[in-house]
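Everything on this sheet refers to the single structure shown next.
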Amino acid sequence: MPHAMILKPTKTAMQSGKAKTKNWRVTFLPESTQYIEPLMQWTATKDNNSQVILRFKTLEEAKSYVEKQGWIYTIVAPHEASINPKSYTDNFRANKVL
């Protein structure tokens, strides 16, 4: 039985917007190890589920789908970035702490 992880992806360092962080993803933990294929020396696996990524708009949709399939799942809570409110005039304060 596959073990699924439900998570909300974070913003990567290579993007400035949050376009690909709105949906929830269901990914699978690998059930078998990777090995080096003898002919071409490529990395191979016998587990195709590790290549599958399912996308859902809400956490509830993802949970209901995973439960309907009968998979074991783990929910990874999203990390929310903390934004400290600042004023433009703080840049020019005399007692500014660096």
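A few points about this structure:
- Residues that are acidic (Asp, Glu) and either surrounded by 10 or more Cβ atoms within 10 Å (Cβ to Cβ) or more than 30 Å from VAL97 (Cβ to Cβ) (or both) within region 41-87 comprise ASP47, GLU60, GLU61, GLU67, listed in sequence order.
- Checking each residue in region 12-42 for being over 20 Å from GLU61 (Cα atoms) and touching a residue at least 40 places away in the same chain (Cβ under 8 Å) picks out no residue at all.
- Filter result (part of a loop (DSSP other than H, G, I, E, B) and either under 19 Å from LEU7 (Cα atoms) or among the polar types (S, T, N, Q) (or both)) within region 67-90: GLY70, TRP71, ALA77, PRO78, HIS79, GLU80, ALA81, SER82, ASN84, SER87
- Residue pairs meeting the criteria (Cβ under 6 Å; at least 6 apart or on separate chains; first in contact (Cβ under 8 Å) with a residue 24 or more places away in the chain, in region 50-76; second surrounded by 15 or more Cβ atoms within 10 Å (Cβ to Cβ) and among the aromatic types (Phe, Trp, Tyr)): PHE56/TRP24; LEU59/TRP24; ALA62/TRP24; ALA62/PHE56; VAL66/TYR73
- Condition check for LYS63: of a type in the set (Lys, Arg) and either closer than 15 Å to HIS3 by Cβ or over 26 Å from the mean Cα position of the chain (by Cα) (or both): yes
- Yes/no for SER50 being hydroxyl-bearing (Ser, Thr, Tyr) and in contact with a strand residue (DSSP E or B) (Cβ under 8 Å, 6 or more places away or on another chain): yes
- Residue list for region 16-45, filter: of a type in the set (Val, Ile, Thr) and within 22 Å of the chain's Cα centre (by Cα): THR21, VAL26, THR27, THR33, THR45
FYI, it's all coordinate maths here, none of it is from the lab. Computed from a prediction, not measured in an experiment: that's the story for all the values here. With ideal geometry, Cβ positions are generated from the backbone for all residues, glycine too; neighbour counts draw on all protein chains shown.
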